[in-house]
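The structure under discussion appears below in the form of structure tokens.
The values are calculated or read from the model by the stated rules, or taken from the named source; none is laboratory data. Predicted model, so just to flag it, every value in this text is computed and none were measured. Cβ atoms come from the backbone with ideal geometry, glycine included; neighbour counts cover every protein chain shown. To get the accessible areas, we keep the full protein, side chains included, count just its heavy atoms, and leave off ligands, DNA and RNA. Shrake-Rupley method; radii C 1.70, N 1.55, O 1.52, S 1.80 Å.
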Amino acid sequence: MAGGEAALATRQQVEEVLVHARDAKRDITYCTVDGVDLKMDMYFPKGTTSATPLAVFIHGGGWSKGDKSVGAGVSDYPALLDAGFTVASLDYRLAPQYQFPVMIEDVKCAIRSLRENANQYNIDPNRIGVWGLSAGSHLAMLLGVTDQSAGFDVGQYLDQSSRVQAVVDMSGPAVLGTNFSPAFVQARNEVFGNYDLAKASPVTYVTSDDPPFLIIQGDRDVVVPIKSGQAQKLYDTLIAANVPVQMVVVKGGPHTLDAPNESPSRAELTQMVVTFFSDYLK
């Protein structure tokens, strides 16, 4: 969605991540599609010898811009590393050169690739959580609620599952069949074209075997407005399916969830993410 990217990570934030990491690997090719190498960065926690849980961040940017190295999730990485998580950040193909569903196909390939190479990365393939913001959150939600029957698992490592064990939704659109904001109206044709928006909507796929969700929604979000009911519809659908779910409404919180006086604060939201992943992945 135009205007939907969170504030970019600063150089200082990226450098801080490296202070908290034992090691970092940049620009790893996780899958190759039609000659395009899809890349990820990985950060490894200090003081770990056994396989660690994995937290995967998916950047936002309206499915048309953004980058694995500058997404707003960078501010969450140090606390996750300190809590013993390995962190991965993904690139994926973007509109307008590519249209949906290639974005979800790419991030699903990333999860399968990470499972295939779990021993190499010293991660536990049965303890993978994902989080994102805006369009990245939409893809994280789809990872949580879809299996191979949805048709998004294509390409490499098809003997591995793309399912995940915990999902954090930050300012993500869950019901795409309505023009819920001007930003989505602007992005809709460029990203989805004639694709059936019900099949692109996370709420369509919710079933009782889905992983736990943490939903974070700002009450001053103008890109995915709280009054559009996106977060509430997802919450209600998960509750009806008996899926564990928590919802946090951030007072004064914009789409980027980084306002100076919002409550809970951005630092408190980071701790909620760490606690949520720790509860379900550790």
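Observations on the structure shown:
- Annotation: of all residues in the stretch 94-115 being open to solvent by 20 Å² or more (accessible area, probe 1.4 Å) and outside any helix (DSSP H, G or I), the one that is nearest to Tyr280 (Cα to Cα) is Pro101.
- Hits in the stretch 246-258 (condition: surrounded by fewer than 17 Cβ atoms within 10 Å (Cβ to Cβ) and among the small types (Gly, Ala, Ser)): Gly252
- Restricting Phe152, Phe180 to residues that are aromatic (Phe, Trp, Tyr), in contact (Cβ under 8 Å) with a residue 40 or more places away in the chain, buried (at least 18 other Cβ atoms within 10 Å of the Cβ) and closer than 29 Å to Asp34 by Cα narrows the list to Phe152.
- Filtered by the rule that a residue be open to solvent by 70 Å² or more (accessible area, probe 1.4 Å) and either among the β-branched types (Val, Ile, Thr) or within 14 Å of Leu142 (Cβ to Cβ) (or both), the stretch 230-245 gives a lone residue, Ile239.
- In the stretch 31-76, the residues that are β-branched (Val, Ile, Thr), within 13 Å of the chain's Cα centre (by Cα) and assigned to a strand (DSSP E or B): Val56, Ile58
- When we screen Tyr43, Tyr30 for residues that are within 21 Å of Leu94 (Cβ to Cβ), at pLDDT 85 or above, buried (at least 17 other Cβ atoms within 10 Å of the Cβ) and touching a strand residue (DSSP E or B) at 6+ places or on another chain (Cβ under 6 Å), the only hit is Tyr30.
- Any hit, the stretch 157-164, residues being among the aromatic types (Phe, Trp, Tyr) and either farther than 16 Å from Ser137 by Cα or assigned to a helix (DSSP H, G or I) (or both): yes
- Test: residue in the stretch 3-18 that is among the charged types (D, E, K, R), open to solvent by less than 60 Å² (accessible area, probe 1.4 Å) and touching a Gly at 6+ places or on another chain (Cβ under 7 Å): yes
- Residue satisfying all of: in the stretch 185-200; hydrophobic (A, V, I, L, M, F, W, C) and under 30 Å from Pro260 (Cα atoms); surrounded by the most Cβ atoms within 10 Å (Cβ to Cβ) among these: Ala187
- Looking only at residues of the stretch 116-149 that are in a helix (DSSP H, G or I), open to solvent by 30 Å² or more (accessible area, probe 1.4 Å) and not hydroxyl-bearing (Ser, Thr, Tyr), we find that the one that is farthest from Met40 (Cα to Cα) is Gln148.
- Pairs, first over 19 Å from His138 (Cα atoms) in the stretch 47-73, second aromatic (Phe, Trp, Tyr), C-beta under 6 Å, six or more apart: Pro53/Phe85
- Every pair of residues 6+ apart whose Cβ atoms lie under 7 Å, when the first sits in the stretch 201-229 and is within 20 Å of Val273 (Cβ to Cβ) and surrounded by fewer than 19 Cβ atoms within 10 Å (Cβ to Cβ) while the second is among the acidic types (Asp, Glu) and modelled with pLDDT of 95 or more: Ile226/Asp219
- Number of positions in the stretch 259-271 that are open to solvent by less than 50 Å² (accessible area, probe 1.4 Å) and out of contact with any Gly (no Cβ under 7 Å at 6 or more places or on another chain): 5
- Inspection of the stretch 57-72 finds a residue satisfying the criterion of being open to solvent by less than 30 Å² (accessible area, probe 1.4 Å), among the basic types (Lys, Arg) and under 27 Å from Pro173 (Cα atoms).
- Options Val167, Val175; residue that is in a strand (DSSP E or B) and either more than 17 Å from Leu94 (Cα to Cα) or open to solvent by less than 50 Å² (accessible area, probe 1.4 Å) (or both): Val167
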